Amino acid sequence: MKKNFSVVLALALSASIFFAGCSTQVGKTTGSESGEGTKKETEAMKEDAKASSGAAEEKESKASALSSGEIEHHPLELTAEEEEAWKKEPAYGKTIRIGYNGGLCLGAFGIAQEEGFYEAEGLKTEITKMTVQSDAIGTGKVDVTGDHIAALLVPATKGVNMVFTRGCHSGCKSLYVLGSSEIQSTADLKGKTIAIADGIGGSDHNISLRFLSKDHIDPSEVQFKVVSYDAVILALQNGEVQGATLSDQFARKFVDDGTLRMIRSLTTDEDFKTEPCCIHAVNGDFLRENPITVKKLTHAHEEASKWIQSHKEEFVDIMLKMNWASGERDKVLDFADSLDFDIPDENTEKTLESIIDDYKGFGLVDKDSDTGTVLNKIWDPVLNQS
């Protein structure tokens, strides 16, 4: 018994010495090696901390520069007569209601408010959330707003009390199919169904009609079905629909993983990429009663748009901070980079003419109406830069 106990004790002691030795050899260094290793690790940690601190300071510096009013503003220059006329307008000194629900496309509204472009024009403004832009602007619940041309143009031609003053940006939406689909072009969608999220007559539907028309496809040969964004991928996968007109921002992750493939685009296609997708709209009565105020508003939007175009990263950071945009920063930035916010009035005017002509063919605008007459009714480039 004593012999067995001695053997067990010896094995235990040997094992403890072995593992202690392994620990010493593998997990530790001795003498000067230990001191040198610790010193290197400490220096590396200091460098990492310094880099992190520098990145944080740079980000904080950018944020401070924005919030401290270091953005250079160039307010609209008025003559002495214009200045006096402005002071007599009903809106002078009063709060102007800016219809804005967030989103990158109409980001000029948010940036103009948050970064002082309205204030630089001497305007008092407040952001007002809406449900339907055309109703809010037409009834005077807001003084200025914006939305897709595809959503606002028809109501404007049907008598809703609004006038367009400038384009917002190019790009935004595209027509997608499954990555594995045999569909290669709009011609392959004949007899098939396209998903639209905002209903017949909404922007997705009207944009789809233009894609088909430009490719000489009779829209009557394609069906449309209302499918929400949260159900559209499943609808494509189960064959309920074969195509979908979607926001590029929404579709991006599905394109990246191969689920979706773009076949037509406002953003990248040569025949659409210079067209503004969205547009600024002003209540018609507000414009007639406050022409100089509207010039100042439009100029603030133009200046904010130019700033956005050359400061996309700062723009995205502000939008995320204000909860006017959501998602992973890199993906939001990719989408912002795909949009051109510096749209000349000439492009907007040509786009409106083209869409009016297209909509006449679709029966959305009176086919017997004169395009120029319709344009003059809904379009007033108040800064006269076309």
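Nothing in this text is a laboratory measurement; each read-out follows from the coordinates by a stated rule. Computed from a prediction, not measured in an experiment: that's the story for all the values here. A quick note on method: Cβ atoms are made from the backbone with ideal geometry, for glycine too, and the neighbour counts reach across all protein chains shown.
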Counting only backbone N atoms under 15 Å from a point 7 Å out along Cα-to-Cβ of Asp357, the residues of region 264-293 in range are 271-272, 275
Using the Cα atoms of region 90-129 to build a convex hull, what is its mean projected area in square nanometres?
2.7
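Compute the FRET efficiency between His73 and Asp342 as 1/(1 + (r/R0)^6), taking r as their Cβ-Cβ distance and R0 = 22 Å, and round to the nearest 0.05.
Details: r = 17 Å, r/R0 = 0.76.
In this case the efficiency is close to 0.85.
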Determine, for Asp358, Asp368, the number of other Cβ atoms within 10 Å of each Cβ, and report the residues in order from fewest to most.
Asp368, Asp358
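Could you tell me which of the pairs Lys192/Lys360; Lys129/Lys253; Lys141/Lys306 are separated by over 32 angstrom between their Cα atoms in the structure shown?
Pairs exceeding 32 Å: none.
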Determine the alpha carbon to alpha carbon distance for each of Lys158/Lys367; Lys94/Lys377; Lys173/Lys296 and list only those over 21 Å.
Lys94/Lys377; Lys173/Lys296
Which of the peptides 314-322, 376-384 is most tightly packed, and how do the rest follow, judged by the mean count of other Cβ atoms within 10 Å per residue?
314-322, 376-384
Once the convex hull of the alpha carbons of region 83-155 is built, what does its volume come to per residue, in cubic angstrom?
102
Extension reserve of the Thr259-Asp215 stretch, reckoned as 0.36 nm per residue once the Cα distance is removed
13.4 nm
Placed amide H near Ile96: partners under 5 Å, 5+ positions off or other chain
Lys124, Thr125, Glu126
To one decimal place, what orientation-averaged projected area in nm² is obtained for the convex hull of the Cα set of region 146-257?
7.7
Ordered by fewest other Cβ atoms within 10 Å, a rough proxy for footprinting exposure, Ser208, Ser185, Ser247 read Ser185, Ser247, Ser208
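Mind sorting Phe254, Phe335, Phe109 by how few other Cβ atoms lie within 10 Å of their own Cβ, fewest first?
Ascending number of Cβ neighbours within 10 Å: Phe254, Phe335, Phe109.
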Which GluC sites (Glu not before Pro) from region 269-308 combine a DSSP loop assignment with at most 13 other Cβ atoms within 10 Å?
Glu270
Rounded to the nearest 5, what % of the DSSP beta bridges within region 173-265 are antiparallel ones?
60
Aspartates and glutamates with Cα under 17 Å of Lys87, excluding same-chain neighbours fewer than 8 positions away
Glu77, Glu119, Glu121, Glu289
Expressed as a whole-number percentage, the relative contact order of region 173-265 with C-alpha contacts under 8 angstrom and at least six residues apart is 51
